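One structure below.
The values are calculated or read from the model by the stated rules, or taken from the named source; none is laboratory data. Note that the structure is predicted; figures quoted are calculated from it, not measured. A quick note on method: Cβ atoms are made from the backbone with ideal geometry, for glycine too, and the neighbour counts reach across all protein chains shown. Surface accessibility is based on the protein's heavy atoms, side chains included, excluding ligands, DNA and RNA. Shrake-Rupley method; radii C 1.70, N 1.55, O 1.52, S 1.80 Å.
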Amino acid sequence: MSAAASSPACTLTDTPRAPAKSDTPPIVQFKSAAKTFGPGTKRAFTAVRDVSFTVEDLQGTGEFIAVLGPSGCGKSTILRLIAGLAPQHPATEGEVLYHGQPVAGPGADRGMVFQDYACFDNRTVLDNVAFGLECRGVSKEERYTHALDWIAKVGLSPNKDAQKYPHQLSGGMRQRVAIARTLILRPRILLMDEPFGALDPSTRHNMQDLLIQLWREVEATVFFVTHDMHEAVYLGDRIYIFSNSPGTILHQFYVTPPDRPAREMMREKSFQDTVFRLREILEALEEGKD
């Protein structure tokens, strides 16, 4: 058995995997942030409250933040506050900072991937992936060159798939297009809202392995919302667990990074023990015990 195969699989730890850059502010910081919809009305609803956390800008890499919690606890609201997307943005209380400055609105430095395979139906795969570069005014030849490169990076065929339309693709293929369209812009932050939730288990594992590979290349900080504890443990460097609504952070865990494909690591006892620990916490929340 190799040394890698005998090492613990994704165990919880109190230590970040890389030191923060000493000369830059945190890449994301929440300071007692809250979001209430319809404040001052009878329909007022608070999605998140008193959310405080700091994600440092790590040296030579980004960090993968997995976000878990009961349904309706405001996980997606957190992503959209970082993205600067209305109506979640802006916070009604507290601060949401990006590199030390308040988030003012959307920006290409913060890319978002949704669960619903958000592609432009009237555009080919090539034009979908190249869309962001087109908006930046990049020449057709240059953006197509980069787009074909990213089509290959996400495991699609530049020759067979580039001229297809979204309706000709499977769900997993459409999600690959969405990821390529986001990562071609090399965002500093990648926000992913249950992007693999509708995929079958085999495709989901393939996408998890692909995401780890691409994330290490672009060195972005990733915020990844999921209901799948196995996915959170495999992908996350850090896991936040949110309370019942209105959501606030109850627990923070660091996780040792994956060093093998998802199918291998998820079978190991240390991995299963970590998942079981998280499941106990989340089941208590679902039962209203926390």
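Some observations on this one:
- All positions within segment 191-203 that are surrounded by fewer than 17 Cβ atoms within 10 Å (Cβ to Cβ) and either assigned to a loop (DSSP other than H, G, I, E, B) or touching a residue at least 40 places away in the same chain (Cβ under 8 Å) (or both): GLY197, ALA198, ASP200
- Lone qualifier among PHE242, PHE253 - being closer than 13 Å to LEU12 by Cβ and not β-branched (Val, Ile, Thr): PHE253
- Scanning segment 100-119 for residues that are touching a Leu at 6+ places or on another chain (Cβ under 8 Å), part of a strand (DSSP E or B) and either surrounded by fewer than 19 Cβ atoms within 10 Å (Cβ to Cβ) or not charged (D, E, K, R) (or both) gives GLY111, MET112, VAL113.
- Checking each residue in segment 59-77 for being open to solvent by less than 10 Å² (accessible area, probe 1.4 Å) and within 21 Å of VAL218 (Cβ to Cβ) picks out GLY62, GLU63, PHE64, ILE65, ALA66, VAL67.
- Within segment 69-88, the only residue that satisfies the criterion of being more than 18 Å from the chain's Cα centre (by Cα) and either more than 15 Å from THR46 (Cβ to Cβ) or small (Gly, Ala, Ser) (or both) is ALA86.
- Within segment 241-259, the residues that satisfy the criterion of being open to solvent by 10 Å² or more (accessible area, probe 1.4 Å) and in contact with a Ser or Thr (Cβ under 9 Å, 6 or more places away or on another chain) are SER245, PRO246, THR248, ILE249, LEU250, PHE253, TYR254, THR256, ASP259.
- Scoring ALA152 on the criteria (1) farther than 19 Å from LEU211 by Cα; (2) of a type in the set (A, V, I, L, M, F, W, C); (3) without any contact (Cβ under 8 Å) to a residue 12 or more places away in the chain leaves a single failure, condition (1).
- Of the helices (runs of 4 or more DSSP H) lying entirely inside segment 120-190, those containing at least 1 residues that are open to solvent by 30 Å² or more (accessible area, probe 1.4 Å), of a type in the set (Lys, Arg) and over 27 Å from HIS99 (Cα atoms) span 140-153, 171-183.
- Residue check for LEU97: open to solvent by 10 Å² or more (accessible area, probe 1.4 Å), out of contact with any Gly (no Cβ under 9 Å at 6 or more places or on another chain) and either in a helix (DSSP H, G or I) or of a type in the set (A, V, I, L, M) (or both): yes
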